[in-house]
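Student: Please read through the structure below; I'll follow up with questions.
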Amino acid sequence: MRVLSVALVVALVALAAASAFAPRRPSDEDMDRLMHAGASRQQRGGRSAARFPEEEKDAAFWRAGAQQRLRDARQRQPNTRRAKNLIMFLGDGMSIPTLAAARTYQGQLQGQPGEESQLFFETFPYAGLSKTYCVDAQVADSACSATAYLCGVKGNIATIGVTASVVESDCKASQDKSTHVTSMMHWAQEVGKATGIVTTTRVTHASPAGAYAHTADRDWESDRDVIKDKLNPNDCPDIAQQLITGETGKNFKVILGGGRREFIPEDDEDEEGVLGKRKDGRNLIEEWQKDKQARGAQHRYVWDLDGLRCVDFKDNEYLLGLFESSHMMYHLDALQAPYNETEPTLTDMVRAAITTLQRHSEGFVLFVEGGRIDQGHHETWAHKALDETVQLAEAVRAAADLTDEQDTLIVVTADHAHTMSINGYPDRGNDIFGIAGLADDGFPYSTLSYANGPGYRPEEDGHRHDLGEDNMADKDFEYPALAPRGSETHGGDDVAVLSRGPWAHLLTGVFEQNYIAHVMAYAACIGSGATACEDAGAARRH
């Protein structure tokens with residue numbers, strides 16, 4: 001069991017004595033509670049508090065590291081070749097505090113203090129900050145933000161692939177084709193590049209839908225959703241239909257994620273016995289297959305890990321994989337048998353996608369979403385949110401291994417932030433999921449907490465809930481929240497943009513989120529704006 005330092009105890013006592021709200025010294029019982037919380041951290045194995053490395057006491061250690069970083073930066077030359085391939089990795093809800101906490105979690109899994117660790121994409125040479133607000137909202141959702149970073153235009157909250165002249169749920173306004181904006185995927189298809197989407201959410205969810213859909217409401221994933229809002233699906237086609245029959249969606253070479261229910265009739269069961277949602281009787285999976293047959297193209301539909309492993313990637317041109325009725329499972333849940341034999345990881349899907357897309361000589365554009373980072377945060381499940389972030393980093397590593405930095409621009413970013421914070425004065429190496437210390441009321445508080453959400457706990461017998469009595473090692477533990485909400489909200493922070501490859505140096509500084517799409521299009525010489533191919537020097541070097 002970890003023992004608190006004398007200095008920390010003295011500081012806690014002094015802080016408690018100075019408090020105007022709870023002016024009392026921590027009792028023996030208080031300290032027992034804190035010690036108990038520390039014991040539970042030890043029981044997690046590999047993530048208990050660790051001492052910092054001895055060499056960090058020497059100034060030479062820090063000077064050497066900084067000088068090496070400086071040498072690397074001075075030698076770095078911008079890559080101004082044309083990007084043959086574009087890959088965007090989107091950590092949904094991956095705020096900057098999420099990055100800091102996730103790198104610590106990753107390091108602690110490896111038996112390190114953790115803070116010094118780096119997620120793979122944090123090694124990328126270029127970094128910037130993206131401003132995420134919507135035209136009509138201070139804090140973004142995943143729909144308006146997808147329109148920004150994929151289509152290059154900011155829109156209104158809850159709308160996808162349309163301008164800000166369309167407001168949420170306004171079906172009539174969205175019927176005006178002049179309001180529709182196209183994505184990088186569409187621009188890439190126009191010049192013969194292969195395209196694909198990969199996500200751990202439903203493939204009809206807001207973020208991936210930004211690649212192909214035009215809708216006034218992100219919730220119109222199937223025709224049932226449109227009908228529920230007392231509207232006609234013939235006037236406003238649902239998102240699943242647009243993916244299978246729309247101008248951009250029908251030409252994707254790769255579609256991998258969850259969401260089978262949006263594609264099959266409400267009276268039909270999927271491969272795992274779950275009923276579909278569609279009221280129009282259409283089986284869009286079968287329609288996808290018939291379309292590819294009509295084109296004479298090799299294609300595969302798969303629904304589990306075995307099916308994905310059996311794909312002949314040398315010959316297969318189109319790949320549709322729908323691995324769950326709704327969202328794919330959290331990685332921490334999928335580790336449990338039998339799901340570890342049926343559920344592909346994000347890395348599995350990325351490898352399959354790139355292997356399929358690399359068959360095309362003109363190059364490709366791929367969108368990859370780690371979507372359950374966001375959903376873990378909404379539940380104040382910090383364990384799951386951070387683990388999903390680490391999984392995203394591993395998928396980026398796989399993409400980097402399969403491609404060449406000289407001709408492939410990889411951009412890693414987020415659509416919006418969340419309200420999770422890292423707080424207190426925990427020791428170096430303290431379990432990122434653990435207790436930071438005692439508050440002025442004598443009760444422990446956690447290092448991670450949220451501004452709002454289901455983790456809110458009302459007072460008990462006139463005092464704050466005692467976290468020392470909780471099992472904070474549980475992957476489903478709801479971290480404390482200040483205000484009660486059934487679902488924690490997004491945050492309005494700027495988010496990180498990390499990149500490597502051709503023209504990545506343009507993604508530095510602080511910029512509007514829609515700028516990202518324009519830089520990526522410029523690098524690959526697609527779209528209607530300025531392109532790198534207009535640069536005579538870039539053209540010669542290519």
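Student: For Ser145, all conditions in the list (1) closer than 20 Å to Glu512 by Cβ; (2) assigned to a helix (DSSP H, G or I); (3) in contact with a strand residue (DSSP E or B) (Cβ under 8 Å, 6 or more places away or on another chain) hold save one; what is the number of the exception?
Tutor: Every listed condition holds for Ser145 apart from (3).
Student: Among the listed residues Asn471, Asn423, Asn452, Asn430, identify the single one that is crowded, with 18+ Cβ neighbours inside 10 Å and of a type outside the set (A, V, I, L, M).
Tutor: Testing whether each residue is crowded, with 18+ Cβ neighbours inside 10 Å and of a type outside the set (A, V, I, L, M) leaves just Asn430.
Student: In the stretch 357-409, which residues are hydrophobic (A, V, I, L, M, F, W, C) and not in a helix (DSSP H, G or I)?
Tutor: Answer for the stretch 357-409, where residues must be hydrophobic (A, V, I, L, M, F, W, C) and not in a helix (DSSP H, G or I): Phe364, Val365, Leu366, Phe367, Val368, Trp381, Leu409.
Student: In the stretch 340-383, how many are under 18 Å from Lys475 (Cβ atoms) and of a type in the set (D, E, K, R)?
Tutor: 4
Student: Evaluate the stretch 126-149: report whether one residue or more is surrounded by 19 or more Cβ atoms within 10 Å (Cβ to Cβ), over 18 Å from Leu507 (Cβ atoms) and either among the aromatic types (Phe, Trp, Tyr) or modelled with pLDDT under 95 (or both).
Tutor: yes
Student: Looking only at the stretch 250-262, decide whether some residue is modelled with pLDDT of 95 or more and loosely packed, with under 14 Cβ neighbours inside 10 Å.
Tutor: No, the stretch 250-262 contains no residue that is modelled with pLDDT of 95 or more and loosely packed, with under 14 Cβ neighbours inside 10 Å.
Student: List pairs: first residue in the stretch 92-115 and farther than 14 Å from Gly434 by Cβ, second residue of a type in the set (Ser, Thr, Tyr) and surrounded by fewer than 22 Cβ atoms within 10 Å (Cβ to Cβ) anywhere in the structure, Cβ distance under 7 angstrom, at least six positions apart or on different chains.
Tutor: Close Cβ pairs (under 7 Å, with a partner that is of a type in the set (Ser, Thr, Tyr) and surrounded by fewer than 22 Cβ atoms within 10 Å (Cβ to Cβ)) amount to Pro97/Ser421; Arg103/Ser117; Gln106/Ser117; Gly107/Ser117.
Student: Report yes if some residue within the stretch 445-465 is outside any loop (DSSP other than H, G, I, E, B), farther than 16 Å from His377 by Cα, touching a residue at least 40 places away in the same chain (Cβ under 8 Å) and outside the structural domain of Leu109 (by TED's automatic domain parsing); otherwise report no.
Tutor: No: the stretch 445-465 contains no residue that is outside any loop (DSSP other than H, G, I, E, B), farther than 16 Å from His377 by Cα, touching a residue at least 40 places away in the same chain (Cβ under 8 Å) and outside the structural domain of Leu109 (by TED's automatic domain parsing).
Student: Give the stretch 240-292 a look and list any residue that's polar (S, T, N, Q) and assigned to a helix (DSSP H, G or I), or say none.
Tutor: Gln241, Gln242, Thr245, Asn251, Gln289
Student: Of everything in the stretch 505-518, what is of a type in the set (Val, Ile, Thr) and surrounded by fewer than 22 Cβ atoms within 10 Å (Cβ to Cβ)? Give them in sequence order.
Tutor: Answer for the stretch 505-518, where residues must be of a type in the set (Val, Ile, Thr) and surrounded by fewer than 22 Cβ atoms within 10 Å (Cβ to Cβ): Thr508, Val510.
Student: Right, another one. Looking at Asp219, Asp229, which is the one that is surrounded by fewer than 24 Cβ atoms within 10 Å (Cβ to Cβ) and within 12 Å of Ala143 (Cβ to Cβ)?
Tutor: One residue alone meets the criteria, Asp219.
Student: Do you know which residues across the stretch 293-323 are surrounded by 14 or more Cβ atoms within 10 Å (Cβ to Cβ) and either free of Cβ contacts under 8 Å to residues at least 12 places away in the same chain or in a strand (DSSP E or B) (or both)?
Tutor: Those that are surrounded by 14 or more Cβ atoms within 10 Å (Cβ to Cβ) and either free of Cβ contacts under 8 Å to residues at least 12 places away in the same chain or in a strand (DSSP E or B) (or both): His299, Arg300, Tyr301, Val302, Tyr318, Leu319, Leu320, Gly321, Leu322.
Student: Right, next: Count, please, the residues in the stretch 376-416 that happen to be within 13 Å of the chain's Cα centre (by Cα) and among the polar types (S, T, N, Q).
Tutor: Total satisfying the criteria: 3.
Student: Residue by residue through the stretch 374-392, note down the ones that are buried (at least 24 other Cβ atoms within 10 Å of the Cβ), among the polar types (S, T, N, Q) and closer than 22 Å to Leu498 by Cβ.
Tutor: Thr389
Student: Does the stretch 58-71 contain any residue that is modelled with pLDDT of 95 or more and among the polar types (S, T, N, Q)?
Tutor: For the stretch 58-71, residues modelled with pLDDT of 95 or more and among the polar types (S, T, N, Q): present.
Student: Now for a different question. Taking Asp219 as the residue in question, decide whether it is under 22 Å from the mean Cα position of the chain (by Cα) and of a type outside the set (A, V, I, L, M).
Tutor: Yes, satisfied.
Student: Moving on. Identify the residue in the stretch 46-103 that is surrounded by fewer than 20 Cβ atoms within 10 Å (Cβ to Cβ) and among the β-branched types (Val, Ile, Thr) and, among all such residues, is farthest from the chain's Cα centre (by Cα).
Tutor: So the residue we want is Thr80.
Student: Please specify each residue of the stretch 324-345 satisfying the condition of being buried (at least 18 other Cβ atoms within 10 Å of the Cβ) and either in contact with a strand residue (DSSP E or B) (Cβ under 6 Å, 6 or more places away or on another chain) or charged (D, E, K, R) (or both).
Tutor: Glu324, His327, Met328, Glu343
Student: Condition test on Gln108, is it more than 26 Å from Thr403 (Cβ to Cβ), in contact with a Gly (Cβ under 7 Å, 6 or more places away or on another chain) and surrounded by fewer than 17 Cβ atoms within 10 Å (Cβ to Cβ)?
Tutor: Judged against the criteria, Gln108 is not a match.
Student: Let me ask something else. Kindly indicate the residue of the stretch 134-157 that is charged (D, E, K, R) and under 17 Å from Ala211 (Cα atoms) and also nearest to the chain's Cα centre (by Cα) among those meeting that condition.
Tutor: Within the stretch 134-157, the match that is nearest to the chain's Cα centre (by Cα) is Asp141.
Student: Still on this structure: Give the residues of the stretch 383-418 that are among the β-branched types (Val, Ile, Thr) and in contact with a Pro (Cβ under 9 Å, 6 or more places away or on another chain), sorted by residue number.
Tutor: Thr408
Student: Would you check if there is a residue in the stretch 531-541 being farther than 17 Å from Gly93 by Cα and either part of a loop (DSSP other than H, G, I, E, B) or in contact with a strand residue (DSSP E or B) (Cβ under 9 Å, 6 or more places away or on another chain) (or both)?
Tutor: So far as the stretch 531-541 goes, yes, one or more of its residues are farther than 17 Å from Gly93 by Cα and either part of a loop (DSSP other than H, G, I, E, B) or in contact with a strand residue (DSSP E or B) (Cβ under 9 Å, 6 or more places away or on another chain) (or both).
Student: Given Gly492, Gly529, Gly509, Gly537, which one is more than 11 Å from Ser130 (Cβ to Cβ) and at pLDDT 95 or above?
Tutor: Gly492
The values are calculated or read from the model by the stated rules, or taken from the named source; none is laboratory data. This one's a predicted model, so the numbers in the text were calculated from it and none came from an experiment. A quick note on method: Cβ atoms are made from the backbone with ideal geometry, for glycine too, and the neighbour counts reach across all protein chains shown.
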